[in-house]
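A.B. asks: Have a look at this one before I ask anything.
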Amino acid sequence: MPRAAVFHRAGVPCEVVSFARPEPCGSEVLVQVTCCTLCRSDLHTHAGRRVEPTPTILGHEIVGRVAAFGPDSPRIDAAGQPVEIGSRITWAVVVGCGGCFFCANELPQKCCQPYKYGHHRVELACPVGGGLADHVVLVPRTYWLRVPDEVPDFVAAMASCATATAAGVVRNGGPVEGRSVLIFGAGVLGLTACAMVRSAGAREVIVSDPVAACRERAQLFGATHVFPPESLQAGVFDVTSGRGADVVYELAGTATTVEAALAFARTGATVILAGTVVPVGTVSLDPERVVRQMVTIRGVHNYLPRDLSTALEFLAGPGQAYPWQSLISGAFPLDEIESAFAAAHKQPGVRIAVVP
């Protein structure tokens, strides 16, 4: 029988339960999960730093194989590729309704009534919807794609959150060819953005992280310069001839790094804020400086469906040059889900995989 790890609340171990295999209806698709990686937002929820409706099945970085099609489900993915029973697929985390104001204005991740894998309250009789389970039912309107053969499961799982989000960050930041890019945070999201902009022709890719091991990894993912926070100011202005960075991505998620992102952006720069997904306190902002230096500040949360397509194309193409599997520091079966979370909490900057 299928199983799922049910999360009730922070401080209470997840409960592994069995349930009858669901049969997909209409255009639903039943997927057998082959790998789910624990994202930082999963860790925030597990630790109680953010609150989700419970009971729930956490996990949204998922890859799996098609187990059954609903009677009305197409046998092609969102890109028109043929798919059959056993095909490997992954899908966008957020499903928009398609009819609200935000969906109509290309913000489906901000849908008024979204369905979000790994974030919805579930019924214990049939707890599907998150990746910490044997099976997931894809609801209608889900944007799902066949996974290229070149991309292994551990890497494909991260595509549906970290890689696609990085693609959204880079898209919103604008062209990077020949430019200097400054990235705060060398976790999985930061390293992915690092690899993407270096592959896209960025002249300098400057990465800052307080952890030496994370800075060392950044060099394997395309960073041309790495600095701890205490050396960053001198380093950035030395590398950029005193101007500051052309494009800045704040992916560390702290008030301090947000302020530094604004401080080290050159006149006319674009600053993307994407790391602060939990409350971090207030940030000092000098509006006169923003105006006089003509700095563009943009927040990015989640991603558009087409960013997932970009992510998979990157991983199957230029992304093959980077050691993605080195970002998986361990794999656990579903029965050891609390050990998986414990390991993930202790190892920032990498992923723990759960393999049902």
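Derivation of every value follows stated rules applied to the coordinates shown; laboratory data play no part. Bear in mind the structure is a predicted one, so any value in this text is a computation, not a measurement. Every residue, glycine as well, gets a Cβ built from its backbone with ideal geometry; the counts of neighbours run over all protein chains shown.
A.B. asks: For Cα pairs less than 8 Å apart in space and 6+ apart in sequence, what is the mean separation divided by the residue count of segment 168-299, i.e. the relative contact order in percent?
C.D. replies: Relative contact order here is 23 percent.
A.B. asks: How would you classify segment 168-299 from its alpha-carbon gyration tensor, with a ≥ b ≥ c the square roots of the eigenvalues: rounded for a/c under 1.5, else prolate if a/b is greater than b/c, otherwise oblate?
C.D. replies: rounded
A.B. asks: Let me ask something else. Here are some values of volume of the Cα convex hull per residue in Å³: (i) 197; (ii) 129; (iii) 147. Which one was computed from this structure?
C.D. replies: Matching the structure shown: (ii).
A.B. asks: Using a 10 angstrom cutoff on alpha carbons, build the Gaussian network for the chain and name the most mobile of ALA166, ALA343, ALA274.
C.D. replies: Highest fluctuation among the options: ALA343.
A.B. asks: To continue, here is another question. Hey, fewest Cβ within 10 Å first, where do MET196, MET294 land in order?
C.D. replies: Placing the least packed residue first, the sequence is MET294, MET196.
A.B. asks: Let me ask something else about it. Please report, in debye to the nearest 20, how large the charge dipole of segment 168-299 is about its Cα centre when each Lys and Arg carries +1 at its beta carbon and each Asp and Glu carries -1 there.
C.D. replies: Its charge dipole is roughly 320 debye.
A.B. asks: Using the basic label-point model (7 angstrom from Cα toward the beta carbon), what is the CYS112 to GLU313 distance in nanometres?
C.D. replies: Placing both labels 7 Å beyond Cα along the Cβ direction yields 3.3 nm.
A.B. asks: Now for a separate question. In nm, give the distance between the simple-model label positions of THR296 and GLU336, each being 7 Å from the Cα along the Cα-to-Cβ direction.
C.D. replies: Reported label-point gap for THR296 and GLU336 is 4.7 nm.
A.B. asks: Relative contact order of the chain, please, whole-number percent, based on alpha carbon pairs below 8 angstrom and at least 6 residues apart.
C.D. replies: Answer for the chain is 18 percent.
A.B. asks: Now for a separate question. If you take the square roots of the eigenvalues of the alpha-carbon gyration tensor of segment 225-334 and sort them as a ≥ b ≥ c, do you get rounded (a/c under 1.5), prolate (a/b over b/c) or oblate?
C.D. replies: prolate
A.B. asks: Listing PHE314, PHE69 from the residue with the fewest other Cβ atoms within 10 Å to the one with the most, what is the order?
C.D. replies: Final ranking by Cβ density, sparse to dense: PHE69, PHE314.
A.B. asks: Among VAL197, VAL271, what is the fewest-to-most ranking by other Cβ atoms within 10 Å?
C.D. replies: VAL271, VAL197
A.B. asks: What nm distance separates the two modelled labels at ARG49 and ALA255, each placed 7 Å from Cα along Cα→Cβ?
C.D. replies: In this crude spin-label approximation the distance works out to 1.5 nm.
A.B. asks: Count charges around VAL207 for me, please; just the other residues with Cβ under 14 Å from its Cβ, Lys/Arg as +1, Asp/Glu as -1.
C.D. replies: That sum, taken over residues with Cβ under 14 Å, equals -1.
A.B. asks: Right, next: Is segment 54-129 best put as rounded, prolate or oblate by its Cα gyration tensor, with a ≥ b ≥ c the root eigenvalues, rounded for a/c under 1.5, and otherwise prolate when a/b is larger than b/c, oblate when not?
C.D. replies: oblate
A.B. asks: How large is the charge dipole for the chain, taken about the Cα centre, if only the Cβ atoms of Lys, Arg (+1) and Asp, Glu (-1) carry charge, to the nearest 20 debye?
C.D. replies: Charge dipole of the chain: 500 debye, to the nearest 20.
A.B. asks: Right, next: What is the distance in Å between the Cα centroid of segment 63-122 and that of segment 184-250?
C.D. replies: Measuring centre to centre over Cα atoms gives 34 Å.
A.B. asks: Right, here's the next one. Can you list residues whose amide H is under 5 Å from VAL205's amide H, if they're 5+ apart or on another chain and H is modeled 1.01 Å from N?
C.D. replies: VAL181, THR224, HIS225
A.B. asks: For the chain, list the cysteines whose Cβ sits under 4.7 Å from no other cysteine Cβ?
C.D. replies: CYS14, CYS25, CYS35, CYS36, CYS39, CYS97, CYS103, CYS111, CYS126, CYS161, CYS194, CYS214
A.B. asks: Then there's this: Given springs between every Cα pair under 10 Å in a Gaussian network model of the chain, which of ASP209, ASP307, ASP149 has the largest fluctuation?
C.D. replies: Result: ASP149 has the largest fluctuation of those listed.
A.B. asks: Taking the Cβ of ALA353 as the center, what net charge do the other residues with Cβ under 14 Å away carry, scoring Lys and Arg +1 and Asp and Glu -1?
C.D. replies: With Lys, Arg at +1 and Asp, Glu at -1, the neighbours total -3.
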